[in-house]
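Participant: The structure follows.
Coordinate-derived values only; no laboratory data. Given the structure is predicted, the values throughout are model-derived calculations rather than measurements. With ideal geometry, Cβ positions are generated from the backbone for all residues, glycine too; neighbour counts draw on all protein chains shown.
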Amino acid sequence: MNEDLQRYLLDVSLREPEACRRLRELTLKMPEANMISSPEQVQLILLLAKMLGARHGLEIVTFTGYTSLFLTLRMPKLKMTCCDLSEEFTRVAREHWSGARVDDRISLELGPAGQTLDVLEDEGYDGAFDFAYIDADKTGYGGYVEACFTLVRPGGLILLDNVLWGGGVINEEDQSEDTVALRELNAWLHENAGSRYDLSLVPIGDGLTILRLGD
């Protein structure tokens, strides 16, 4: 999609809360700006969450809190559990959650995401989440998906960001660890779709895989 068509898409579809726009513009000034999810992708996640009637979402990893801010602002009954390792980035998230008065519905778990997911399983959160959004270290995606198969309820959604990886997944010369991990995961998810989950890979943002778990 060229830039003009992308701008048209945003002009006629995106309804971004002002608090989210401010946070996004702040984040885009950071060296790690490429880690933020695109607003049109987050709006799609919002639509899916509303269709689910979601009350509890899981985010792996939250970065500066844009996605969770967008979702909780537009869904007043939604609670989010957010995982992240960085105190620096999540300090920004906390400030904006508090400023938008949604911080009472967001639980931030600081630490390695894999360990946090293990703790959630140990504490009996099986099937406690309506959806999980994974936008984390790419080599960890497989483990996060497996954990979410347990933590997300039947009929719920698991969403994975960056699954097209800027086109790297089809560039056989790109054998970097992250690219290989995503390429293998995409193939595995496709091969194993069926009774356990339905799958669609949507070309929005940097590629969004949507899994709907079986009932």
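Participant: Regarding the chain, what's the average projected area of the Cα-atom convex hull, expressed in nm²?
Facilitator: 11.9
Participant: Quick one: Cα centre-to-centre distance for the range 114-188 and the range 31-63, in angstrom?
Facilitator: 14
Participant: Report the FRET efficiency, 1/(1 + (r/R0)^6), for PHE149 and GLN115, where r is their Cβ-Cβ distance and R0 is 22 Å, rounded to 0.05.
Facilitator: 0.80
Participant: Moving on to the next point. Could the peptides 53-65, 156-168, 20-32, 36-48 be put in order, highest first, of the mean number of other beta-carbon atoms found within 10 Å of their residues?
Facilitator: Peptide ranking by packing, descending: 53-65, 156-168, 36-48, 20-32.
Participant: Taking the range 3-213, how many lysine pairs are there with alpha carbons less than 28 Å apart, if each pair must be eight or more places apart or span two chains?
Facilitator: Within the range 3-213, the lysine pair count is 5.
Participant: Moving to a separate point now. To the nearest 0.05, what FRET efficiency results for GLU40 and TRP188 with a Förster distance of 25 Å applied to their C-beta separation?
Facilitator: Efficiency, rounded to the nearest 0.05: 0.40.
Participant: How much mean residue ellipticity at 222 nm does the chain get from its helices, if each DSSP H run of length 4 or more adds -39500 (n - 2.57) and you divide by all residues, to the nearest 500 deg cm²/dmol?
Facilitator: The per-residue figure over the chain is -13500 deg cm²/dmol.
Participant: In the range 3-213, what % of DSSP beta bridges are antiparallel (nearest 5)?
Facilitator: 35
Participant: Let me ask another. Would you calculate the separation in nanometres between label points at GLU87 and ALA33, each defined as 7 Å from the Cα along the Cα-to-beta-carbon direction?
Facilitator: 2.8
Participant: Net charge near PRO112, counting Lys/Arg +1 and Asp/Glu -1 over other residues with Cβ under 12 Å of its Cβ?
Facilitator: Result for the neighbourhood of PRO112: -4.
Participant: Okay, moving on. Expected output is a single nm value to one decimal: the length gained when fully extending between GLU25 and ASP11, i.e. 0.36 nm times separation in residues minus the C-alpha distance. What is it?
Facilitator: This chain segment gains 3.3 nm when fully extended.
Participant: Moving to a separate point now. What spacing in nm lies between the two simple spin-label points modelled at ASP215 and LYS77, each 7 Å away from Cα in the Cβ direction?
Facilitator: 2.1
Participant: If you take the charge dipole of the chain about its Cα centre, with +1 on Lys and Arg Cβ and -1 on Asp and Glu Cβ, which of GLY143, HIS190, LEU71 is farthest toward its positive end?
Facilitator: Of the options given, the answer is LEU71.
Participant: Moving to a separate point now. Applying a 10 Å radius around every beta-carbon, put 76-89, 189-202 in order of their mean neighbour count, most first.
Facilitator: 76-89, 189-202
Participant: Further question: Along Cα→Cβ, 7 Å out, is where each label goes; now give me the distance between the ones at ASP174 and GLU3 in nm to one decimal.
Facilitator: Result for the modelled spin labels: 2.1 nm.
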